[in-house]
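Notes for the one structure printed next.
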Amino acid sequence: MRASAMWIANWEACELNSRTKQDEKEEAYWQSHAPMYDVRNPLAPFAIPIIEQITYHLHSTDHLLEIGAGTGGFTRLLAPYVQRITVIEPSEAMRIQLQNNWQEEHSASLDVLACKWEEAGNISCDVIFAANAFYRMRDMKECIIRMNETACKSVFLIQSIGKPYASPIIVKRGASTEQMERAHLISHILDEIGIVHEFISYPIVRKDGGKHEVALISWNVELNDSTE
């Protein structure tokens, strides 16, 4: 099965998480979890090596678009390195926390779009960033193609690897079952499209002491002008 088809098949089945397809369940979840999200076991403060790799490529005049910003943990770390940030966040509960956490002293201006990436209108930016924000995207291939068309310079995607921080993609075909970590499947979808990219895995120790791998998947848009 092609990587893009495997992603869609998993989404359609939704065997691991009903929130994947049901907006009301997703919002209900974040209504109860968003207020404590940044103090429980966040990824952003412990992903400094990944942030350093990303910020090395940012410029002070860049417009950064972040997909699925959540409470803004990564947003606040990237803000000092760019001029403008637009975040896409469909959850009202998460948007409230993001805006409450935003410090006015950040030099970057902040625009917040209340929608899903697939529903956002025409947007242009220099750089796209997203972290663990792909589990509700039905067609990852089309989402990636649009990222490549939207960003002028670079795209940076962060995806945790392994439970309990990220559930794998699982597809049942008759008596057989195919399984793959989301990070690796995203990489395979990029290969399927023909986008040359870099995949680097970082060992990250979280607040609770849990250690796991986190992938940084990135590419230079200018080197990938043609897509399938």
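The values are calculated or read from the model by the stated rules, or taken from the named source; none is laboratory data. Small disclaimer: the values here were computed from a predicted structure and weren't measured. Here the Cβ is made from the backbone with ideal geometry for all residues, glycine too, and neighbour counts use every protein chain on show. Each accessible area value is taken on the protein alone, full model and side chains, heavy atoms only, with ligands, DNA and RNA left out. Shrake-Rupley method; radii C 1.70, N 1.55, O 1.52, S 1.80 Å.
Points to keep in mind about this one:
- Contact order relative to length of the chain, as percent, for alpha carbon pairs under 8 angstrom and 6 or more apart: 21 percent
- Put simply, the amide H of residue 156, placed in the peptide plane, has neighbours under 5 Å in 128, 129, 130, leaving out anything fewer than 5 places away on its chain.
- Accessible-area composition of the chain, carbon plus sulfur, in percent [1.4 Å probe]: 48 percent
- Here residue 139 sits with roughly 40 square angstrom of accessible surface, probe radius 1.4 Å.
- With a Förster radius of 22 Å applied to the beta-carbon distance between residue 222 and residue 59, the computed FRET efficiency rounds to 0.95.
- Segment 1-70 shape via C-alpha gyration tensor axes, a/c threshold 1.5: oblate
- Spread of Cα-to-Cα distances over 10 Å intervals beginning at zero, given as percent, for segment 106-192: 13, 44, 29, 11, 2, 0
- Solvent-accessible surface of the chain, taken per residue with a 1.4 Å probe and all protein chains present: 48 Å².
- Label point at residue 139 placed 7 Å out along Cα→Cβ; residues across segment 192-226 whose backbone nitrogen lies under 14 Å: none
- For the set 172/207; 163/207; 25/207; 21/116; 21/163; 21/172, the pairs lying more than 24 angstrom apart at their alpha carbons are 172/207; 25/207.
- Applying 1/(1 + (r/R0)^6) with r as the Cβ-Cβ distance of residue 120 and residue 191 and R0 = 25 angstrom yields a FRET efficiency of 0.45.
- Residue-count net charge about residue 41 - beta-carbon cut-off 12 Å; Lys, Arg +1, Asp, Glu -1: +1
- Only aspartates and glutamates eight or more places from residue 141 in sequence, or on another chain, were considered; those with a Cα closer than 13 Å are 118, 149, 191, 192, 228.
- Largest-first ellipsoid semi-axes for segment 20-139, taking √(5λ) over the Cα gyration tensor eigenvalues, angstrom: 22, 17, 14
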